[in-house]
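Here is the structure we will look at, set down as structure tokens.
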Amino acid sequence: MCAETLSRYLPQSPDLAILDAGSGTGLGGESLRKLGYQRLTAMDLSDGMLLRARETGFYERTVQAVLGDRLPFASDEFDATVSQGTFTAGHAPPSGFDELLRVTRPGGFIVFSLKCDILETGGFGAKFRELTEAGHWELVEATEPKHLHVESKTSDPLLQIYAYRVL
């Protein structure tokens, strides 16, 4: 979902560096590769998840790091960052977006999913407004809320995909 959204804004090129923040087992890397993106970095808190992501062969490198802490990347290192299913209650905090902004170049994109039920209760809405009002990024797309699993219309929480351009 995030890869397809990114492809609407960032031309598919093998030269673009993309960070998969909270990569898990690497499903996002597979989607990005299918769309023509080649220079992928997987980042996750879990060594076990990174091992599985590395085994996919989709990533140039894998890095263990914690969203919410300073990330081990140079400023403006990536042309885009994607993060699917990572920013959620008990996982990555809203403050993690500060570092994603630092490592994503101006003009680049940050695309991520977020469950609708934690937008305000989890502090994400306030963080998004803070970063927008400070002139750090601008919203280019927020999808309509949808269920993660198409077959589920009631038990699955609603989520949205957001795309922001880094200023």
When the chain is treated as a Gaussian network with springs between alpha carbons less than 10 Å apart, the largest mean-square fluctuation among 98, 44, 20 is found at 98
For residue 69 and residue 95, extending 7 Å from Cα along the Cα-Cβ vector and measuring point to point gives, in nm, a value of 1.3 nm
antiparallel share of DSSP beta bridges within the chain, to nearest 5, in %, is 45 percent
Answer check: segment 2-166, Cα atoms, Kirkwood Rh, Rg/Rh ratio of 0.94
Most fluctuating of 103, 140, 66 in the GNM of the chain (C-alpha, under 10 Å) is 140
With only helices counted (DSSP H, runs n ≥ 4, each -39500 (n - 2.57)), the per-residue ellipticity at 222 nm for the chain, to the nearest 500, works out to -7000 deg cm²/dmol
A chain fully extended from residue 76 to residue 167 at 0.36 nm per residue, minus the present Cα-Cα distance, gains in nm 31.6 nm
In debye to the nearest 20, the charge dipole size for the chain, taken about the Cα centre with +1 at each Lys and Arg Cβ and -1 at each Asp and Glu Cβ, equals 200 debye
Checked against the positive end of the charge dipole of the chain (+1 on Cβ of Lys and Arg, -1 on Cβ of Asp and Glu, about the Cα centre), the farthest of 104, 17, 161 is 17
Rounded to one decimal in nm, the spacing of the 7 Å Cα→Cβ label points at residue 144 and residue 51 is 4.3 nm
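Do you know the relative contact order of segment 20-124, to the nearest whole percent, from alpha carbon pairs under 8 angstrom that are 6+ apart? It would help to have the intermediate numbers written out before the result.
Values: 188 pairs, mean separation 26.0, N = 105.
That works out to 25 percent.
Bear in mind that the values in this text are calculations on the coordinates, not laboratory data. Please read all numbers here as calculations on a predicted model, not as lab measurements. Counting neighbours? That spans all protein chains shown, and the Cβs are built from the backbone with ideal geometry, glycine included.
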